[in-house]
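Read the figures in this text as sums done on the coordinates, not as results from a lab. Treat the numbers as computed from the prediction; the structure is a model and nothing was measured. Glycine also receives a Cβ, built like all others from the backbone with ideal geometry; neighbour counts cover every protein chain displayed.
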Amino acid sequence: MNLQNQIRQKLVDGIINGAFPPGMKLPSSRKLSEQLKVARNTVVAAYQQLAADGYLVSKQRSGIFVNEKMLESRVGAAANRSVAGRELAAPWLRQESSERQRGEGFYHLPNWSRYPYPFIDGKFDSTLFPLAEWREASRLSLSVADVVDWSTGSGDADDPMLLDEIRTKILTRRGIQARTDQI
């Protein structure tokens, strides 16, 4: 793993584990690069990726901060939000129901993505797809050393690194605590 990814990983671990609470100001890229004895560009790239992932926010003339909204995706965070006044059934869903009653086949409107809840099988919002992260993950997974690791297989055993990532990154971000054997 390169230095940039190592820095990103340690910062994410600190944010998720509470070592860097939401709203905390992080050291400048110059200061952190001096402390870690790495190139400033390495720290800048790590900060930029973390900002793109939603972990950090940059405030003009103030610095880099841990995103206060990052933990909103945890379980129960949306419980206090009001949905009063919003129509729950999407317009295209009502249209689909009437088509089914008439016995017509399902089709989607050309402007399907404009609806508030555009959930159509096989369609997705391309602006929400993490293309850069997907390409980076593909590049990293196809390195010679990694191909040797994943191609040899481990029988029926689960990948311990994958389980650890699920447990420490995905589940904790949603407020779920679990042991590796519970996944």
Estimated distance in nm for a label pair at VAL144 and ILE166, the labels positioned 7 Å out from Cα along Cα-to-Cβ = 3.2 nm
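State whether the range 131-182 is rounded, prolate or oblate according to the following rule on the C-alpha gyration tensor (a ≥ b ≥ c being the square roots of its eigenvalues): a/c under 1.5 gives rounded; otherwise a/b larger than b/c gives prolate, and the remaining case gives oblate. Spell out each step's value before the answer.
Details: a/c = 4.04, a/b = 1.33, b/c = 3.04.
Note, shape of the range 131-182 comes out oblate.
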To the nearest 0.05, what FRET efficiency results for ASP156 and ARG114 with a Förster distance of 41 Å applied to their C-beta separation?
-> 0.30
Starting from the Cα of LYS31, draw a straight line to each of the lysines and keep only those under 29 Å, dropping any in the same chain fewer than 8 residues away.
-> LYS10, LYS59, LYS69, LYS169
Ranked from highest to lowest mean number of other Cβ atoms within 10 Å per residue, what is the order of the peptides 161-168, 174-181?
-> 161-168, 174-181
What net charge do the residues around PHE65 carry, taking every other residue with its C-beta under 14 Å from that of PHE65, with Lys and Arg at +1 and Asp and Glu at -1?
-> +3
Between MET24 and residues 5 or more places away or on another chain, which pairs have amide H atoms under 5 Å apart, with H built 1.01 Å from N, and which residues are they?
-> VAL66
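To the nearest 20 Debye, how big is the dipole of the range 3-71 about its Cα centre, given +1 on the beta carbon of each Lys and Arg and -1 on that of each Asp and Glu?
On the way: 10 positive and 4 negative charges, 57 e Å.
Here the size comes out at about 280 debye.
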